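Engineer: First the structure, which I've put down as structure tokens, then a few questions once you've had a look.
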Amino acid sequence: MFKQLIVIFILLQILAAEVSSQIPGNDNRLRTIIALKGQATVSIPNPGDAEMTILSKRISVSSATNKKIEIVLSPLSAEWFISRNYDYEILENDDVKGIITASGMEEAKGWDKYPTYTQYDSIMQSFATLYPALCDVDTIGTSIYGKLVLVLKISDNPLSDEDEPEVFYTSTIHGDETGGYILMMRLAEHLLKNYNSNSRVKNLVDNLEIWINPLSNPDGTYRTGNTISSPTRYNANGYDLNRNFPDPVSDDPAKQKETLDMIKFMRGRNFVISANFHAGEEVVNYPWDRWARFHPDDDWLFHISRRYADTVHLHAVAGYMTFRYNGVTNGYDWYDIYGGRQDFVTWELHGREVTIELDDTKLTPAANLNSLWEYNYRSLLGYIENALYGIHGKVTDFVSGEAVAAKIFIAGHDADSSHVYSDTLTGSFVRLIAPGTWTLTFTADGYISKTVSLTVTNELMTWIDVEMVPVANPIDTIPTQELRVYPNPADEFLRIVLPDRQIGEVELIIINSLGVKVSEYKDMYTFEDVPVVISLQDLPMGVYTVVFRNSVTKVTDKAPFLIMRQN
């Protein structure tokens, strides 16, 4: 009898080992969980930097400390992971029990329950219906299962493409990280409801174009159903969409439909600042994720991340958002990832994006959604306010006044695509940067480069208008012994080609038909192959003569021209 009891005890121990989430190496059980749930979370001892790099390139690491690594496996990555023979533990949780589904759209808009997918769609459409003067709803694309990836545009003129800085919030690229999903909808409602009563909100909506995408991976969140019951990190094809963007170095192209749609959408906008919301930890993560080196604007990125976390700390319970360095971390310093959206936006699109982990519980329980909002909403407003600071300006053609698409960089500072470009249609640009005195260089095809120094003050906008002088066109480069002017007749501007390619300081005088001097330009500095451009806007129509003098070379010449304008 005693021996039988021993055998039974041993069998019970073995059975317990089979069902325990903490017994390492249970490969078949791991396969079963992935087959049933679409994913499984495991932990392994931290394998060191070299092995971590291998892991990050092949599977989805979700968190890391000095002691252990958490990994989320999909059907695509399970067998490779098993083949590595790691000593792993299967981690299970009952987070889904905290997901309470709203009975209807109005209950869902109480923001303390999760909507069905159809309720979500209705809520997004209702924002545009209730606030047509402030909000428009658009579609970034569709998921593998055909669900819409929706985005709101909130602005004081939502149907117009205004010459204003654009900002972008997006959440739940990992379908089982749900807190940001609700926060983004609630933020949209907050901006719309408080536009007429809150000066801070009105300032943001009046001066920015605010784009909000609450759910970028609907298949991961809802799978094939209409309620959140077994969400996964991955899309329907088993891919981690936040490891699917083109990498700055390997340039591995995006493969998944949701990623391709998102890339097309972002390339079509000009977001000066953005954030991607996650869960699993509580920290603001800033670039780079894939490089050990710092971003040229590392001080500024740290500052805006620190400001987000510090504002949270003023309104949250003790201990919230204190992971890593009291709620802030450099991405690579935490753990490296490849194909992340944050690095794609910062590298290819010359944007400024951070990743904000809102909750150390991936599936935020419905009961905690109000607290999550209370902790974060002021920081959400403050983060997009950064788009109103730094250097703002417009680059135009000195002659025509039309927009110029210029590259704007800071020599000795910018690297790794940290420079920006002015808009091809408006010439506007935004260069977010830390306070200090900076020297900006403007370059554009067909124009003389221009360098400007200015001082940036913390949390204030510094504005600059930049006029760029065109370089010579073919008519300017024809050798001439005479002063030549064109167009002739002229309208608002006159271009003057100097005789013998005069270089240096010259003097130009314009005389009317009565012989009276009407304009004088002394000590003008000219460049080879660059015509002098004179504004005629203050002169009436008529016949004039331009007189050229160079006191150094003793060259003097003159040429008649006519000013004519359309009535």
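The values are calculated or read from the model by the stated rules, or taken from the named source; none is laboratory data. In this text, all values refer to a predicted model and were calculated from it rather than measured experimentally. Positions of Cβ are generated from backbone atoms using ideal geometry, with glycine treated the same way; all protein chains shown enter the neighbour counts.
Engineer: State whether the residues of the stretch 537-544 include one that is crowded, with 18+ Cβ neighbours inside 10 Å, part of a strand (DSSP E or B) and modelled with pLDDT of 85 or more.
Structural biologist: To start, the set of residues in the stretch 537-544 that are crowded, with 18+ Cβ neighbours inside 10 Å comprises 544.
Filter again for part of a strand (DSSP E or B), leaving 544.
Okay, now just the ones that are also modelled with pLDDT of 85 or more, so 544.
Within the stretch 537-544, one or more residues are crowded, with 18+ Cβ neighbours inside 10 Å, part of a strand (DSSP E or B) and modelled with pLDDT of 85 or more.
Engineer: List pairs: first in the stretch 398-427 and without any contact (Cβ under 8 Å) to a residue 24 or more places away in the chain, second in a loop (DSSP other than H, G, I, E, B), Cβ under 6 Å, 6+ apart or cross-chain?
Structural biologist: Hits for this filter: 424/405.
Engineer: Next question. Would it be correct to say that residue 250 is modelled with pLDDT under 95, outside any helix (DSSP H, G or I), touching a Phe, Trp or Tyr at 6+ places or on another chain (Cβ under 9 Å) and closer than 18 Å to residue 74 by Cα? Lay out the reasoning, then the answer.
Structural biologist: On the way: modelled with pLDDT under 95: yes; outside any helix (DSSP H, G or I): yes; touching a Phe, Trp or Tyr at 6+ places or on another chain (Cβ under 9 Å): yes; closer than 18 Å to residue 74 by Cα: no.
The answer is no for residue 250.
Engineer: For the stretch 26-75, what are the residues that are within 33 Å of the chain's Cα centre (by Cα), surrounded by fewer than 16 Cβ atoms within 10 Å (Cβ to Cβ) and among the hydrophobic types (A, V, I, L, M, F, W, C)?
Structural biologist: 50, 54
Engineer: Oh, and also: Restrict the check to the stretch 62-78 and report whether at least one residue is part of a helix (DSSP H, G or I) and either modelled with pLDDT of 95 or more or out of contact with any strand residue (DSSP E or B) (no Cβ under 6 Å at 6 or more places or on another chain) (or both). Can you show your working first?
Structural biologist: Step one: list which residues in the stretch 62-78 are part of a helix (DSSP H, G or I), which gives 78.
Next, from what is left, pick out any that are either modelled with pLDDT of 95 or more or out of contact with any strand residue (DSSP E or B) (no Cβ under 6 Å at 6 or more places or on another chain) (or both): 78.
Yes, the stretch 62-78 has at least one match.
Engineer: When the residues of the stretch 253-264 are narrowed to those that are charged (D, E, K, R) and exposed (fewer than 14 other Cβ atoms within 10 Å of the Cβ), which ends up nearest to residue 417 (Cα to Cα)? Outline the logic, then answer.
Structural biologist: As a first pass, look at the stretch 253-264 and keep what is charged (D, E, K, R): 255, 257-258, 261, 264.
Narrowing the set further to residues that are exposed (fewer than 14 other Cβ atoms within 10 Å of the Cβ) leaves 255, 264.
Numbers: 255: 24, 264: 19 Å.
Checking each candidate, the answer is 264.
Engineer: Considering (1) surrounded by fewer than 18 Cβ atoms within 10 Å (Cβ to Cβ); (2) within 26 Å of residue 302 (Cβ to Cβ); (3) of a type in the set (Val, Ile, Thr); (4) in contact (Cβ under 8 Å) with a residue 24 or more places away in the chain, say which one residue 443 fails and leave the rest.
Structural biologist: Unmet for residue 443, out of (1) surrounded by fewer than 18 Cβ atoms within 10 Å (Cβ to Cβ); (2) within 26 Å of residue 302 (Cβ to Cβ); (3) of a type in the set (Val, Ile, Thr); (4) in contact (Cβ under 8 Å) with a residue 24 or more places away in the chain: (2).
Engineer: Considering 127, 168, which residue is crowded, with 21+ Cβ neighbours inside 10 Å, within 29 Å of residue 61 (Cα to Cα), aromatic (Phe, Trp, Tyr) and at pLDDT 95 or above?
Structural biologist: Details: 127 fails: within 29 Å of residue 61 (Cα to Cα).
Only one candidate passes the filter, namely 168.
Each row is one residue, and each column tells you yes or no for (1) assigned by TED's automatic domain parsing to the domain that holds residue 236; (2) surrounded by 16 or more Cβ atoms within 10 Å (Cβ to Cβ).
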residue	(1), (2)
78	no, yes
82	no, yes
87	no, no
109	yes, yes
134	yes, yes
139	yes, no
143	yes, yes
150	yes, yes
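Engineer: Let me ask something additional. Could you please let me know if residue 315 is surrounded by fewer than 24 Cβ atoms within 10 Å (Cβ to Cβ) and farther than 18 Å from residue 417 by Cα? Give the steps one after another, and end with the answer.
Structural biologist: Details: surrounded by fewer than 24 Cβ atoms within 10 Å (Cβ to Cβ): yes; farther than 18 Å from residue 417 by Cα: yes.
Yes.
Engineer: If I ask for residues that are part of a loop (DSSP other than H, G, I, E, B) and either at pLDDT below 95 or touching a strand residue (DSSP E or B) at 6+ places or on another chain (Cβ under 7 Å) (or both), which ones from the stretch 130-143 would you list? Talk me through it step by step, then tell me what you get.
Structural biologist: Just the residues of the stretch 130-143 that are part of a loop (DSSP other than H, G, I, E, B), to begin with: 131-134, 143.
Matches in the stretch 130-143: 134, 143.
Engineer: If residue 566 passes every condition in (1) within 24 Å of residue 467 (Cα to Cα); (2) at pLDDT below 85 but one, which one does it miss?
Structural biologist: Condition not satisfied by residue 566: (1).
Engineer: Using the structure shown, decide if residue 189 is part of a helix (DSSP H, G or I), surrounded by fewer than 20 Cβ atoms within 10 Å (Cβ to Cβ) and at pLDDT 95 or above. Before the answer, list the steps.
Structural biologist: Values: part of a helix (DSSP H, G or I): yes; surrounded by fewer than 20 Cβ atoms within 10 Å (Cβ to Cβ): yes; at pLDDT 95 or above: yes.
For residue 189, the condition - part of a helix (DSSP H, G or I), surrounded by fewer than 20 Cβ atoms within 10 Å (Cβ to Cβ) and at pLDDT 95 or above - is met.
Engineer: Out of the stretch 501-530, which residues are modelled with pLDDT under 75 and not in a strand (DSSP E or B)? Outline the logic, then answer.
Structural biologist: Pass one, the stretch 501-530, residues modelled with pLDDT under 75: 501-505, 523-530.
Result: 501, 502, 503, 527, 528, 529, 530.
Engineer: Please indicate, with yes or no, whether at least one residue in the stretch 391-408 is under 24 Å from residue 293 (Cα atoms), buried (at least 19 other Cβ atoms within 10 Å of the Cβ) and hydrophobic (A, V, I, L, M, F, W, C). So that I can check it myself, show each step before the final result.
Structural biologist: First pass over the stretch 391-408, keeping only residues under 24 Å from residue 293 (Cα atoms): 407-408.
Those left that are additionally buried (at least 19 other Cβ atoms within 10 Å of the Cβ): 408.
Narrowing further to those that are hydrophobic (A, V, I, L, M, F, W, C): 408.
Looking through the stretch 391-408, at least one residue is under 24 Å from residue 293 (Cα atoms), buried (at least 19 other Cβ atoms within 10 Å of the Cβ) and hydrophobic (A, V, I, L, M, F, W, C).
Engineer: Output the qualifying pairs, or none if there are none: Cβ atoms under 6 angstrom, residues six or more apart or on different chains, first residue in the stretch 314-342 and assigned by TED's automatic domain parsing to the domain that holds residue 379, second residue basic (Lys, Arg).
Structural biologist: 328/306; 336/290; 338/57; 338/290; 339/243
Let's see how each residue does on (1) in contact with a helix residue (DSSP H, G or I) (Cβ under 9 Å, 6 or more places away or on another chain); (2) in contact (Cβ under 8 Å) with a residue 40 or more places away in the chain; (3) of a type outside the set (Asp, Glu); (4) within 24 Å of residue 121 (Cβ to Cβ):
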site: 232; (1), (2), (3), (4): yes, yes, yes, yes
site: 247; (1), (2), (3), (4): yes, yes, no, no
site: 275; (1), (2), (3), (4): yes, yes, yes, yes
site: 284; (1), (2), (3), (4): yes, yes, yes, no
site: 287; (1), (2), (3), (4): yes, yes, yes, no
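Engineer: Looking at residue 181, is it outside any helix (DSSP H, G or I) and either surrounded by fewer than 22 Cβ atoms within 10 Å (Cβ to Cβ) or touching a residue at least 40 places away in the same chain (Cβ under 8 Å) (or both)?
Structural biologist: Values: outside any helix (DSSP H, G or I): no; either surrounded by fewer than 22 Cβ atoms within 10 Å (Cβ to Cβ) or touching a residue at least 40 places away in the same chain (Cβ under 8 Å) (or both): yes.
No; evaluated as a whole, the condition is false for this residue.
Engineer: Please go through the stretch 98-107 and give me each residue that is in a helix (DSSP H, G or I) and either outside the structural domain of residue 179 (by TED's automatic domain parsing) or of a type in the set (Gly, Ala, Ser) (or both), ordered by number.
Structural biologist: Residues of the stretch 98-107 in a helix (DSSP H, G or I): 98, 105-107.
Hit for the stretch 98-107 is 98, nothing else.
Engineer: Looking at the stretch 184-206, which of its residues are in contact (Cβ under 8 Å) with a residue 40 or more places away in the chain and basic (Lys, Arg)?
Structural biologist: Within the stretch 184-206, 186, 200 qualify.
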